[in-house]
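Enquirer: Take a look at this one; I'll ask things after.
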Amino acid sequence: MTEAVLLSRVELKNSHTLKVYEENEGYQPLKKVLGKVEPGVIIDDIKESGLRGRGGAGFPAGVKWGFIDKDSPKTKYLACNADEGEPGTFKDRLLMMEDPHQLIEGIIISSYAIGVETAFIYIRGEYHKEADILDAAIAEAYKGGYLGKNIQGTGYDLELILHRGAGSYVCGDETALMESIEGHRGNPRLKPPFPAVVGLYGGPTVINNVETLSAIPFIISKGAEAYSAIGTEKSAGTKLFCVSGNVNNPGVYELPLGFPMKKLIYEVCGGMKEGRKLKGVIPGGSSTPILLPDEIEDLELAYESATPGGFMLGSGAVIVIDDRWCMVKIAARLAKFYAHESCGQCTPCREGTTWTYKILKRIEAGGGQEGDPELLLDIQDNMFGKTLCPLGDAAAMPIIAIVEKFRDEFDQHIKEARCPY
Amino acid sequence: MGNLSDSSIKEIKKIAEKYPTTESALLPALYIAQREKGWLAKETMDDIADVLELPKVRVYGVATFYTMYYKKPMGKYVIQVCTNVSCMITGGEEIYEHLIKVFGIKSGETTGDGLFSLLEVECLGNCGNAPVMQINEDFYENLTIKVVDEIIAKLKK
Ligand SMILES: Cc1cc2nc3c(=O)[nH]c(=O)nc-3n(C[C@H](O)[C@H](O)[C@H](O)COP(=O)(O)O)c2cc1C
Ligand code: SF4
Ligand code: FES
């Protein structure tokens, strides 16, 4: 087993407290670099570590930080994305509840490296207890001299503000998230300009996921090489996989990237519940195309992995579906989600998601017509790559995959004018 | 004014100072008001607009965008049942349909005695414990219909 990078403390009693964190190497990395190591050197370290963003897109964290013009006269900001809205995803919750100081330390070191003096954590509104725990941890960090003015006597100042969302998936998109922090409706902004140039309050801004930032203390403490030694060449480090659905032991597991999908399901998670047959796996959150059992046969969980069925690592949210479930029904439920969460700013997404849901609901209810599968694909095609924010793609991808891979199920619904399940 | 309490107004003003701009305090302000009043009436939102010196339509616009701000009175217990995929394939939909029957209301409605509001919601970010629901601020996990019945019976007492 590889060394735990992110979950080394979660089993400890009171792991969420400053005391336990400090007793277990906590805030040592910060003391090692703050005021002692040049910010640029830290950015280079993170680049070298190979750490990639864990929010879904896998963009190299150090490279993202490097986009910030360090000489910009504008105020710079960092926002930690704790929106955790992608269905199937529940990993950041664990990090925030069981090791909030690891995240806070990651935010402080990152902010120092980027030249930020005001940082935010954007946490989804439904996480009440989680926000309370974070709030308490932030208060402890202020008291302990890790936040606020003149941190640990280094002359570096950082304010950290916890901002609660209020029930909106699209606010997980980095530009909508900024709108929401600024007190607006969560309507995504057109890119460019990218947040690194014009972000929060018009200043250069870095947005990183909770899991990404939680890995920073380890990299600083053990070195970039120790981190990149874990995982594969293009996917360094460990990843939290959150497995849900029809397995015996659903939960969050920290595994080196490159870990085999089959082993995750059948060994780590104890296999299929009640010995049922696997029908499909949504590998990286609801937006990622579903995979058939034979498509996961030799699949390694890494960003660069490719299968003919189109693999995406996404947020690491693995949803395991057994053979009792109707795929038209699952597609309809996903479509309902995207139709509900579309912000409505652009026509292809607003109309496309609503229409897709209506058609799928109709097929599931027995009112399917010949040509419906083609129509569904056509609508997705009109959405894919043609919307303002990536939600349009996120809505289209899973529907395309389900219609194409389970075409016979659609035909059966239409032919029999009912759901055969 | 006179609708929002002085302590809420004070809290909102204090939070606004933390942010780079006053209007950033709008989401927290709506939560503070909702905590005091249970929901956001037009007059309540108007008070917020006054405190933060924002146009009233700005406040309405934000309140209507986010689902967690209630635009009508809610029951004492707001039950949010997740029916997204991980919960659906572990029994979440049956639980939601069961509650519809038990309460005789649809999503978004409140029982006649004002005790329960039912909401069908999207993924609550707790799929490892599916099926889940939230009652007010608490998660209830690994649900079965029997467990749900017990929870409801307890709340009725
Ligand atoms: C509709 C939508 C929802 C998103 N939701 C989340 C989310 O809940 N959490 C997250 O970290 N990133 C989410 N993202 C990705 C963010 O826009 C952003 O890429 C990410 O936070 C960057 O962090 P990373 O580089 O550390 O991964 C979402 C993107 C879109 C388009
Ligand atoms: S793609 Fe959808 S969610 Fe994104 S901006 Fe357009 S309408 Fe809004
Ligand atoms: S699907 Fe129900 S909590 Fe995620």
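The values are calculated or read from the model by the stated rules, or taken from the named source; none is laboratory data. Remember, predicted model here, so these are calculated numbers, not experimental data. Here the Cβ positions follow ideal geometry from the backbone for every residue, glycine too, while neighbour counts run over all protein chains shown.
Enquirer: Can you tell me which residue is nearest to the other protein chains (Cβ to nearest Cβ) among those in the range B:20-58 that are crowded, with 16+ Cβ neighbours inside 10 Å, among the charged types (D, E, K, R) and farther than 18 Å from B:LYS72 by Cβ?
Expert: Selected residue: B:GLU23.
Enquirer: Could I ask something else about it? Tell me whether the range A:286-298 contains one or more residues that are within 16 Å of ligand 2 (Cβ to nearest atom), of a type in the set (Gly, Ala, Ser), within 18 Å of B:GLY128 (Cβ to Cβ) and outside the structural domain of A:LYS36 (by TED's automatic domain parsing).
Expert: Checking the range A:286-298: at least one residue is within 16 Å of ligand 2 (Cβ to nearest atom), of a type in the set (Gly, Ala, Ser), within 18 Å of B:GLY128 (Cβ to Cβ) and outside the structural domain of A:LYS36 (by TED's automatic domain parsing).
Enquirer: Okay, next question. Return the residues of the range A:167-188 that are within 11 Å of ligand 2 (Cβ to nearest atom) and not in a helix (DSSP H, G or I); say none if nothing qualifies.
Expert: Of everything in the range A:167-188, those that are within 11 Å of ligand 2 (Cβ to nearest atom) and not in a helix (DSSP H, G or I) turn out to be A:SER168, A:ASP173, A:ARG185, A:GLY186, A:ASN187, A:PRO188.
Enquirer: Tell me which residues, restricted to the range A:130-144, are assigned to a helix (DSSP H, G or I) and over 25 Å from B:MET68 (Cβ atoms).
Expert: A:GLU140, A:ALA141, A:TYR142, A:LYS143
Enquirer: Do any residues in the range A:155-181 that are within 15 Å of B:ALA25 (Cβ to Cβ) have Cβ atoms under 6 Å from those of residues that are of a type in the set (Lys, Arg), where the two are at least six apart or on different chains, and which pairs are they?
Expert: A:ILE161/B:LYS18; A:GLY165/A:ARG124
Enquirer: Let me confirm something: among A:LYS74, A:LYS64, which residue is under 17 Å from the mean Cα position of the chain (by Cα) and not polar (S, T, N, Q)?
Expert: Numbers: A:LYS74 fails: under 17 Å from the mean Cα position of the chain (by Cα).
Sole residue among the options that is under 17 Å from the mean Cα position of the chain (by Cα) and not polar (S, T, N, Q): A:LYS64.
Enquirer: Suppose we filter the range B:123-157 for residues that are surrounded by fewer than 23 Cβ atoms within 10 Å (Cβ to Cβ), within 10 Å of another protein chain (Cβ to nearest Cβ), under 25 Å from A:TYR253 (Cα atoms) and in contact with a helix residue (DSSP H, G or I) (Cβ under 6 Å, 6 or more places away or on another chain); how many remain?
Expert: Going through the range B:123-157 one residue at a time, the tally reaches 1.
Enquirer: Among residues belonging to the range B:62-89 that are closer than 13 Å to B:PHE116 by Cβ and of a type in the set (A, V, I, L, M, F, W, C), point out the one that is nearest to ligand 2 (Cβ to nearest atom).
Expert: Only one residue tops the list, namely B:VAL81.
Enquirer: Is it the case that the range A:175-187 has a residue that's among the acidic types (Asp, Glu) and under 22 Å from B:TYR66 (Cβ atoms)?
Expert: yes
Enquirer: Could you check the range A:239-269 and list, in sequence order, the residues that are more than 16 Å from A:SER315 (Cβ to Cβ) and more than 16 Å from ligand 3 (Cβ to nearest atom)?
Expert: Matches in the range A:239-269: A:ASN248, A:ASN249, A:PRO256, A:GLY258, A:PRO260, A:LYS262, A:LYS263, A:ILE265, A:TYR266, A:GLU267, A:VAL268, A:CYS269.
Enquirer: Counting residues that are over 30 Å from B:SER24 (Cβ atoms), which helices (runs of 4 or more DSSP H) fully inside the range B:43-126 reach at least 3?
Expert: Values: elements: B:56-65, B:85-88, B:92-103.
Per the criteria, B:85-88, B:92-103.
Enquirer: Say whether the condition of being more than 14 Å from chain B (Cβ to nearest Cβ) and either buried (at least 24 other Cβ atoms within 10 Å of the Cβ) or at pLDDT below 95 (or both) is met by at least one residue in the range A:141-156.
Expert: The answer is yes; a qualifying residue exists.
Enquirer: So, in the range B:3-30, exactly how many residues are in contact (Cβ under 8 Å) with a residue 24 or more places away in the chain and of a type outside the set (Val, Ile, Thr)? Spell out how you get there, then give the answer.
Expert: In the first step, residues of the range B:3-30 are kept if they are in contact (Cβ under 8 Å) with a residue 24 or more places away in the chain; the result is B:3-5, B:8-9, B:12-13, B:16, B:22-23, B:25-27, B:30.
Filter once more, so that each one left must be of a type outside the set (Val, Ile, Thr): B:3-5, B:8, B:13, B:16, B:23, B:25-27, B:30.
Qualifying residue count for the region: 11.
Enquirer: For A:GLY245, are the conditions met, namely being touching a Lys or Arg at 6+ places or on another chain (Cβ under 9 Å), within 14 Å of another protein chain (Cβ to nearest Cβ) and more than 19 Å from A:VAL5 (Cβ to Cβ)?
Expert: yes
Enquirer: I'm checking my understanding of the structure. Among residues of the range A:208-225 that are within 18 Å of A:ILE68 (Cα to Cα), out of contact with any Phe, Trp or Tyr (no Cβ under 9 Å at 6 or more places or on another chain) and not β-branched (Val, Ile, Thr), which one is surrounded by the most Cβ atoms within 10 Å (Cβ to Cβ)?
Expert: Only one residue tops the list, namely A:LEU213.
Enquirer: Only residues that are surrounded by fewer than 19 Cβ atoms within 10 Å (Cβ to Cβ) and closer than 28 Å to A:PHE337 by Cα: list them for the range A:272-301, please.
Expert: A:LYS273, A:ARG276, A:LYS277, A:LEU292, A:PRO293, A:ASP294
Enquirer: If you take the residues in the range A:339-354 that are more than 10 Å from chain B (Cβ to nearest Cβ) and under 20 Å from B:LEU124 (Cβ atoms), which one is farthest from ligand 2 (Cβ to nearest atom)?
Expert: Here the residue is A:ALA339.
Enquirer: Please verify whether the range A:186-207 includes one or more residues that are within 13 Å of chain B (Cβ to nearest Cβ), within 13 Å of ligand 1 (Cβ to nearest atom), surrounded by fewer than 24 Cβ atoms within 10 Å (Cβ to Cβ) and over 19 Å from A:ARG93 (Cβ atoms).
Expert: yes
Enquirer: From the list B:ILE145, B:ILE100, B:ILE105, pick out the single residue that is in contact with a strand residue (DSSP E or B) (Cβ under 6 Å, 6 or more places away or on another chain), outside the structural domain of B:ALA16 (by TED's automatic domain parsing), touching a residue at least 12 places away in the same chain (Cβ under 8 Å) and on the phi < 0 side of the Ramachandran plot.
Expert: Only one candidate passes the filter, namely B:ILE105.
Enquirer: Scan the helices (runs of 4 or more DSSP H) fully inside the range A:33-129 and keep the ones with 2 or more residues being without any contact (Cβ under 8 Å) to a residue 60 or more places away in the chain and either in contact with an Asp or Glu (Cβ under 9 Å, 6 or more places away or on another chain) or more than 12 Å from every other protein chain (Cβ to nearest Cβ) (or both).
Expert: A:39-49, A:61-66, A:100-114
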